[in-house]
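Colleague: One structure follows; several queries about it will come next.
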Amino acid sequence: MTQPLAKRPGAFNETAIEDEVVVMHLESGEFFSLTGSAAAIWKLIDGTRSRDAVLTALAAQFAGEDEARIAADLDDFLAQLRAAGLVEA
């Protein structure tokens, strides 16, 4: 996937609290608490990186972890973000 991942502007509010990112979906009022790799992925989705570029950055950040597992976790989380309407690619 080479198309950049982007957060949907106007779809959410977010705030960082220590190592946690709290995202509120504005339409549904649903809250998402992102920590660990989920917070890292959220921060890497900046409209300039593709899925593969996010994976590369995560593999470097979590060196020593199995890259296939990182890729599977990334894809699962991206699917959740898309389903919630928070991210588009």
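The values are calculated or read from the model by the stated rules, or taken from the named source; none is laboratory data. Every value quoted in this text rests on a predicted model; they were computed, and no experiment measured them. Methodologically, a virtual Cβ is constructed for each residue, glycine included, from the backbone with ideal geometry; neighbour enumeration extends over all protein chains shown.
Colleague: Mind listing whichever residues of segment 27-55 are of a type outside the set (Asp, Glu), within 17 Å of GLU88 (Cα to Cα) and part of a loop (DSSP other than H, G, I, E, B)?
Modeller: ILE45, GLY47, THR48, ARG49
Colleague: Which numbered condition in (1) modelled with pLDDT under 95; (2) touching a Phe, Trp or Tyr at 6+ places or on another chain (Cβ under 8 Å) is the only one that GLU18 fails?
Modeller: GLU18 satisfies all of (1) modelled with pLDDT under 95; (2) touching a Phe, Trp or Tyr at 6+ places or on another chain (Cβ under 8 Å) except (2).
Colleague: Considering only segment 3-15, how many residues are surrounded by 12 or more Cβ atoms within 10 Å (Cβ to Cβ) and part of a strand (DSSP E or B)?
Modeller: Residues flagged as surrounded by 12 or more Cβ atoms within 10 Å (Cβ to Cβ) and part of a strand (DSSP E or B) within segment 3-15 amount to 5.
Colleague: Quick one: count up the residues across segment 54-72 that are within 13 Å of the chain's Cα centre (by Cα) and charged (D, E, K, R).
Modeller: 0
Colleague: Going through segment 62-80 one residue at a time, which ones are touching a helix residue (DSSP H, G or I) at 6+ places or on another chain (Cβ under 8 Å), at pLDDT below 95 and either exposed (fewer than 13 other Cβ atoms within 10 Å of the Cβ) or part of a helix (DSSP H, G or I) (or both)?
Modeller: Result: GLU67, single match.
Colleague: Filter segment 64-75 down to residues that are closer than 12 Å to ARG51 by Cβ and of a type in the set (Asp, Glu), then give me how many there are.
Modeller: Selection size over segment 64-75: 1.
Colleague: While we're looking at this one, here's another question. Do we have any residue at all in segment 16-24 that's assigned to a strand (DSSP E or B), under 11 Å from LEU86 (Cα atoms) and either of a type outside the set (Asp, Glu) or in contact with an Asp or Glu (Cβ under 7 Å, 6 or more places away or on another chain) (or both)?
Modeller: Checked against the condition, which is being assigned to a strand (DSSP E or B), under 11 Å from LEU86 (Cα atoms) and either of a type outside the set (Asp, Glu) or in contact with an Asp or Glu (Cβ under 7 Å, 6 or more places away or on another chain) (or both), segment 16-24 yields at least one hit.
Colleague: Turning to a different aspect of this structure: Going through segment 34-55 one residue at a time, which ones are small (Gly, Ala, Ser) and either free of Cβ contacts under 8 Å to residues at least 24 places away in the same chain or surrounded by 13 or more Cβ atoms within 10 Å (Cβ to Cβ) (or both)?
Modeller: Selection gives GLY36, SER37, ALA38, ALA39, ALA40, SER50, ALA53.
Colleague: Looking at segment 22-30, is at least one residue under 24 Å from GLU67 (Cβ atoms) and surrounded by fewer than 16 Cβ atoms within 10 Å (Cβ to Cβ)?
Modeller: No - not one qualifying residue is present in segment 22-30.
Colleague: Same structure again: Quick one: LEU58 ticks every box in (1) surrounded by 16 or more Cβ atoms within 10 Å (Cβ to Cβ); (2) assigned to a strand (DSSP E or B) bar one, so which box is it?
Modeller: (2)
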